[in-house]
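Worksheet: one structure, shown below.
The values are calculated or read from the model by the stated rules, or taken from the named source; none is laboratory data. The structure displayed is predicted, hence computed values, not measured ones. In this analysis, Cβ positions are derived from the backbone assuming ideal geometry, glycine residues included, and neighbour counts consider all displayed protein chains. When the accessible area is computed, the model is the full protein with side chains, heavy atoms only, and any ligands, DNA or RNA have been set aside. Shrake-Rupley method; radii C 1.70, N 1.55, O 1.52, S 1.80 Å.
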Amino acid sequence: MFTHQKQFDPLTEQRIIVLGDDASHPHVNAVAGALGDTIEELVTAPFNRHRTFGKLKAKEVVFIRLSDLAKPKQRMEAAKGVAGLTSDAIIALDTFPPERIAEWMETLVRASYRFDKFKTDDEEHTTNFFYAATTEVTEQVHEGIVIGEAANHTRDLVNTPYNYLNATDLAQYATALEAIDNVKVSVLDKPACEALNMGAFLGVNRGSIDEPTLIHVEYTGDPGSKDITALVGKGVMYDTGGYSLKTVQGMPSMKMDMGGAATVLGAIEAIARLKAKANVSVVIAATDNRIGDHATVPDDILTSAKGLTIEIISTDAEGRLTLADALWFAQEKGATRLIDVATLTGAVVGALGKTYTGAFSNDDAFTKDVLNAAKNAGENVWRMPIHEEYHDALKSEVADMKNSGGRLAGASVAAAFLEKFVDDARPWVHLDIAGTAYGEKEGATGTLVKTLTKLFV
Ligand code: BES
Ligand code: MN
Ligand code: ZN
């Protein structure tokens, strides 16, 4: 889709030319001069498309207003304009500010994303994009493209409905990441999870006709170090709520309940392709959550791999059950710090809407690193509290804890539940993306792929 080309001459170029609006650049100056207009006349919006009427070999030229590139909304508007071009185009990267090139390429890749493989009447129009650039910028171009592509892969996974993507399909997808250097993937099947006593995770799978999978991806980019950051993703492939069934209004879009899993898979893809000097692993306990003859019911008591017993209040509070065993597994495999990403609670959407991801943590320094990476990535993450009283809400009369703590502070109580499965000494951040991973109209957003990547590169 995006091809590198070194040389480019604006006066003989046949394809649509895309360039910045810095009039002091010789290419920009030459194109504007040939059109007989000033840059002020040509550039009035983030994206400006002009026919050349024979004044240039190219039929059209596009000017991007460089002052807009720093603003995510305007940058996306400009990139959507470019992505909407229906004939081949060349992007004159030398006319863009060097420090904006990675971001601009990434936005172009994201703007080119479509989820249309199930539309039978869609016209196929693939535009080939070329970017002309000197060798000095190719590293930034590469970073932008890698992060953009990884985010788009995440979006594909989230947008794909359950009948095309169950736990086994997700494991197969993850296994293909082994094609990247220094990446190893292993998948544990149901008997293997049983052998590890993953009663919480397997309790969610009991109503399903499909087998669960425990997916473990390891990227070793710093073999000399013992540090491993585990990225644990909620992989509920579909959430019906189980016997605590969701409503007609509440169930649609629950194909996105594996958004956390998709996010960490996108992140490790980018981290590994960019050859980060770090050891990063992904753990996903993947299953759907549904009713069936064997399904878990409220009042059941499950025993997690860690040995803690959990009284089920709601089978719809299933994400934390899968994460409990996934977090335990990640620590068994040597994780020295952990980040989990999960579409965990409706309550976080009530608190932060679709604007911010909620962050919860047992460690101020690690939280600062994550918030800083989010800032660098231009993604909104806001810290929320965990308090002893949220732990109290999970006290059970009959087991070590309940899986749901009532109506108040649902996002923080869910985080408190997860905290019980993290060893005290290990820094951990929980990221609740229930509001930010997906929109009914826009579909999957790919949020946090860049934040998690920026933690390491
Ligand atoms: N997957 C949902 C959370 C969710 C809700 C994600 C809306 C995206 C949009 C989760 O499994 C769930 O059902 N949570 C319950 C927890 C409750 C039963 C304690 C919720 O938020 O209502
Ligand atoms: Mn649920
Ligand atoms: Zn769920």
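What to note about this one:
- Hits in the range 301-324 - residues which are out of contact with any helix residue (DSSP H, G or I) (no Cβ under 7 Å at 6 or more places or on another chain), more than 16 Å from ligand 3 (Cβ to nearest atom) and among the charged types (D, E, K, R): GLU311
- Screening GLU77, GLU106, GLU99 for residues that are touching a Pro at 6+ places or on another chain (Cβ under 7 Å) and assigned to a helix (DSSP H, G or I) leaves exactly one candidate, GLU77.
- Among the residues of the range 307-315, none qualifies, meaning not one is within 23 Å of GLY266 (Cβ to Cβ) and either crowded, with 24+ Cβ neighbours inside 10 Å or not assigned by TED's automatic domain parsing to the domain that holds LYS234 (or both).
- Positions within the range 80-94 being touching a residue at least 60 places away in the same chain (Cβ under 8 Å), assigned to a helix (DSSP H, G or I) and within 15 Å of PHE47 (Cβ to Cβ), in sequence order: VAL82
- Checking each residue in the range 234-252 for being open to solvent by less than 50 Å² (accessible area, probe 1.4 Å), in a loop (DSSP other than H, G, I, E, B) and either among the aromatic types (Phe, Trp, Tyr) or near ligand 1 (Cβ under 8 Å from one of its atoms) (or both) picks out GLY241, SER244, LYS246, GLY250.
- Meets criteria (in contact with a helix residue (DSSP H, G or I) (Cβ under 9 Å, 6 or more places away or on another chain), within 28 Å of GLU379 (Cα to Cα) and crowded, with 18+ Cβ neighbours inside 10 Å) for ILE101: yes
- Every residue from the range 317-346 that is within 13 Å of ligand 2 (Cβ to nearest atom) and either free of Cβ contacts under 8 Å to residues at least 12 places away in the same chain or buried (at least 21 other Cβ atoms within 10 Å of the Cβ) (or both): ALA317, GLU318, GLY319, ARG320, LEU321, THR322, LEU323, ALA342, THR343, LEU344, THR345
- Single condition ALA200 does not satisfy, out of (1) among the hydrophobic types (A, V, I, L, M, F, W, C); (2) open to solvent by less than 10 Å² (accessible area, probe 1.4 Å); (3) within 16 Å of ligand 3 (Cβ to nearest atom); (4) under 23 Å from the mean Cα position of the chain (by Cα): (4)
- Scanning the range 392-413 for residues that are surrounded by fewer than 17 Cβ atoms within 10 Å (Cβ to Cβ) and at pLDDT 95 or above yields ASP392, LYS395, SER396, GLU397, VAL398, LEU408.
- Residue match in the range 73-83 (condition: at pLDDT below 95 and out of contact with any Cys (no Cβ under 6 Å at 6 or more places or on another chain)): yes
- Residue match in the range 339-350 (condition: in a helix (DSSP H, G or I), within 30 Å of GLN74 (Cβ to Cβ) and within 19 Å of the chain's Cα centre (by Cα)): yes
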